[in-house]
Amino acid sequence: MSNSQSQFPHSINENQDEDVLNRIDFVKLKNIILNYWRWLLLIMIITNTLAYLINRYTKPVFLSFSEIKLDFKNETTLLGFNQFRDNNYDYLSGEIELLKSKLFFDKVINTVDLEISYFTHGKILDDERFRNSPFRVEYSYFNESYKDIPFDIELIDRSSYRLKYEWNDKLASVIYKFGEEVTSDYFRFRVFRTEDFNQEAFEFPYYFVVNSRAALIKYLEENLSVEPINLQANIIRISFKDHNNFKAQNLIYSIDTIYLNYTQEKKQKANSQKIEFLNEQLKQTKERLETFEQYFESFTIENKTVDLQKDMELTIEQMMAADSLRFYLMQKKEIITGMIASISDTTSMLIPPNSEPLFNKDFVDAIMVYNKLIEELSLLQDSYNTRTMAFQRKKKKLSMVMGELLSTLEQFVDNFDNDIKDQKAKKRQLEDNFVHLPSKNTEFNKSKRFYELYEEFYLTLLQTKTEFEVEQAGTLTNFIILTPATLSFNHISPQELVTHSIGFSLGIILSIVLILIIYLLDNSIIGIHELEALTTAPILGIVPYYGKEKMPRSKLIVNNNPKSAIGETLRSIRTNMNFLLPGESKKVISVTSTVSGEGKTFVSVNLGGVISMSNTRVLLLDLDMRKPKIHLVF
């Protein structure tokens, strides 16, 4: 089912094509072509002649081009920053717009000698004499209203020429010497001979035009083309069209050179700006580094260290040592206090264990003397009366020694108290310093990190500045000319083959259009097949044209030429009529037409003659009441 559906539209189209082909009368088309072949030939001749004239008298246009590879480099990487975007298309678009900008055109106009154009008058076309003119023009003043206007020059001899130009709506014609100043209120210039001034130069009339800046910019805009060739490889093509192939090549070469110089200037300017920026950054970074260095000096002088972490550890150790020493002193103070409390004139004094390092040899000797006196006093007390002189003397001596010991021990206690106070004060000072050490350490480390960062950045800036200075000293172009400016001797316009093809095709199309118009407007009947198609009446036959002789009037010819084509045709018609009406013995045949001169009399006479040759009586009636002719035949 799907196959039948898919084939059904094709069958409809085929039937429609067959209907269209059946409606076309190819015999009629053939007759029209045979009748109007001279007109068709004339159309072909005219269109091909026009193509030839276009090729012959159209000014040829030449194309010169060069291909350039741009070196795309992101300068931000030189400064140590990441490249956030890499879009070659944007870069190429920028360079293309630069080459097509009026700013660049101004540089081309200022560099290339395009201000004055020289031409020779031709019979049909004018030819520009680019750098081969027999004369040159140098002007000191030229009013804008007289620019873009031709000044005709006719060479008279090697020393003089005739200058023609419009002056106040009048044609001025003046003879000047070469080198003589041509002056007016609107211009002042001189004309000089060049190396191309020779005998052949007198064969042509010349003219020159001082081009305005607007005209030159328009000229460059219309003829310069810049397009990307390969986006990935950053290749662009610069092309220029002109009627002079040498001028086109020279302009492409000049544009490449100007673009090279402009790129160098732009790059040098960019390098200068970058170096200036780097100098400013170096200055600011240096000032920051000096500030940090002053801070480090002050910090070192104030804190007498550059390693606060180590100082914090040392401070903790010192506080622990102060606490240990204070605890030790308090223990020793308690020992001395106990010794003071235990001293009396009846009890010996003992040195506590592990306390010998506290006392010197004199104090130890004094204790031994003290203990010995107590022992002696105890012995005297057992032997003598306490009131005796010897006892009192011993007791007094013991009191003196005991006083000295007490005084010494009290001095020890005072010293221990002072040492304990010193250790407490030292610990408080250490604690106070320790409280500020973390913040100082944080600030110091932060400053140190910034100092290292600025120091690294300073070195990077110095290195980058050195690179830019080296690049500034030997700036290279950022593009490579892959294909230099070409010189073409084959013009791109007009294209002879294309023009002739268009002319030939146009001739064919116009011929077909003419044939179709004649076919559609032609309502004459030229064959029996048309009659068969247009009417339902049966066609019995046709009578061919008789052109063997010129007949001033119709006459009977079948009797003299019974075997002729007309005779055979008329006999065929007679036979067909007999078959058409077989039962009728008496037949009436009417011969008529729309206008005179179509052959009614000729057919009637000769058809009657053919019928009569078959032994049949024929009555021929002339019913043309205005111009009867049958009686003239017989």
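The condition of being within 30 Å of residue 41 (Cβ to Cβ), open to solvent by 60 Å² or more (accessible area, probe 1.4 Å), under 60 Å from the mean Cα position of the chain (by Cα) and hydrophobic (A, V, I, L, M, F, W, C) holds for residue 508.
Could you figure out which of (1) in a helix (DSSP H, G or I); (2) touching a residue at least 24 places away in the same chain (Cβ under 8 Å) isn't true of residue 228? Among (1) in a helix (DSSP H, G or I); (2) touching a residue at least 24 places away in the same chain (Cβ under 8 Å), residue 228 violates only (1).
Can you confirm whether the range 48-61 contains a residue that is part of a strand (DSSP E or B), at pLDDT 90 or above and under 30 Å from residue 254 (Cα atoms)? Yes, because at least one residue in the range 48-61 is part of a strand (DSSP E or B), at pLDDT 90 or above and under 30 Å from residue 254 (Cα atoms). Could you list, in sequence order, the residues of the range 344-375 that are open to solvent by less than 50 Å² (accessible area, probe 1.4 Å), modelled with pLDDT of 65 or more and part of a helix (DSSP H, G or I)? The answer is 363, 364, 366, 367, 370, 371, 373, 374. The requirement of being among the charged types (D, E, K, R) and either under 18 Å from residue 130 (Cα atoms) or assigned to a helix (DSSP H, G or I) (or both) is satisfied by residue 148.
Which residues, taken from the range 206-222, are touching a strand residue (DSSP E or B) at 6+ places or on another chain (Cβ under 7 Å) and either open to solvent by 60 Å² or more (accessible area, probe 1.4 Å) or over 20 Å from residue 122 (Cβ atoms) (or both)? Result: 210, 211. One residue stands out in the range 457-486 among those that are modelled with pLDDT of 85 or more and open to solvent by 60 Å² or more (accessible area, probe 1.4 Å): the one that is nearest to residue 60 (Cα to Cα), namely 484. If I filter the range 243-251 for residues that are open to solvent by 20 Å² or more (accessible area, probe 1.4 Å) and modelled with pLDDT under 85, do I get at least one hit? No - not one qualifying residue is present in the range 243-251.
Just to be sure, is residue 173 touching a residue at least 24 places away in the same chain (Cβ under 8 Å), of a type in the set (S, T, N, Q) and assigned to a strand (DSSP E or B)?
Here the answer is no, as residue 173 does not meet what is asked.
Contact map, the range 512-526: first residue under 13 Å from residue 24 (Cα atoms), second residue assigned to a helix (DSSP H, G or I) and open to solvent by 70 Å² or more (accessible area, probe 1.4 Å), Cβ cut-off under 8 Å, separation 6 or more or different chains; pairs are 515/33.
Which one of these is open to solvent by 30 Å² or more (accessible area, probe 1.4 Å), closer than 30 Å to residue 238 by Cβ and either in a loop (DSSP other than H, G, I, E, B) or modelled with pLDDT under 90 (or both): 136, 131? Working first, answer last.
Values: 136 fails: either in a loop (DSSP other than H, G, I, E, B) or modelled with pLDDT under 90 (or both).
Answer to the selection: 131.
As for the range 279-296, it holds no residue that is under 30 Å from residue 491 (Cα atoms), in a helix (DSSP H, G or I) and open to solvent by 50 Å² or more (accessible area, probe 1.4 Å). For the range 94-102, the criterion of a residue being of a type in the set (S, T, N, Q) and either under 30 Å from residue 232 (Cβ atoms) or assigned to a strand (DSSP E or B) (or both) is satisfied by at least one position.
Check the range 595-605 and report whether any residue there is at pLDDT 80 or above, surrounded by fewer than 13 Cβ atoms within 10 Å (Cβ to Cβ) and outside any loop (DSSP other than H, G, I, E, B). Taking every residue of the range 595-605 in turn, none turns out to be at pLDDT 80 or above, surrounded by fewer than 13 Cβ atoms within 10 Å (Cβ to Cβ) and outside any loop (DSSP other than H, G, I, E, B). Within the option set 508, 542, 525, being of a type in the set (A, V, I, L, M, F, W, C) and either part of a helix (DSSP H, G or I) or touching a Ser or Thr at 6+ places or on another chain (Cβ under 6 Å) (or both) holds for one residue only, 508. Of the residues 230, 234, the single one that is modelled with pLDDT under 90, buried (at least 18 other Cβ atoms within 10 Å of the Cβ) and farther than 23 Å from residue 106 by Cα is 234. Restricting attention to the range 100-122, the residues that are open to solvent by 50 Å² or more (accessible area, probe 1.4 Å), within 16 Å of residue 248 (Cα to Cα), out of contact with any strand residue (DSSP E or B) (no Cβ under 9 Å at 6 or more places or on another chain) and not hydroxyl-bearing (Ser, Thr, Tyr) total 1. Assess whether residue 266 counts as being charged (D, E, K, R) and not in a helix (DSSP H, G or I). So residue 266 does not fit the description; no.
The values are calculated or read from the model by the stated rules, or taken from the named source; none is laboratory data. All of these numbers come straight from a predicted model, not from anything done at the bench. Reconstructed Cβ throughout: ideal geometry from the backbone, glycine too, with neighbour counts over all protein chains shown. Heavy atoms of the whole protein, side chains included, go into the accessibility calculation; ligands, DNA and RNA do not. Shrake-Rupley method; radii C 1.70, N 1.55, O 1.52, S 1.80 Å.
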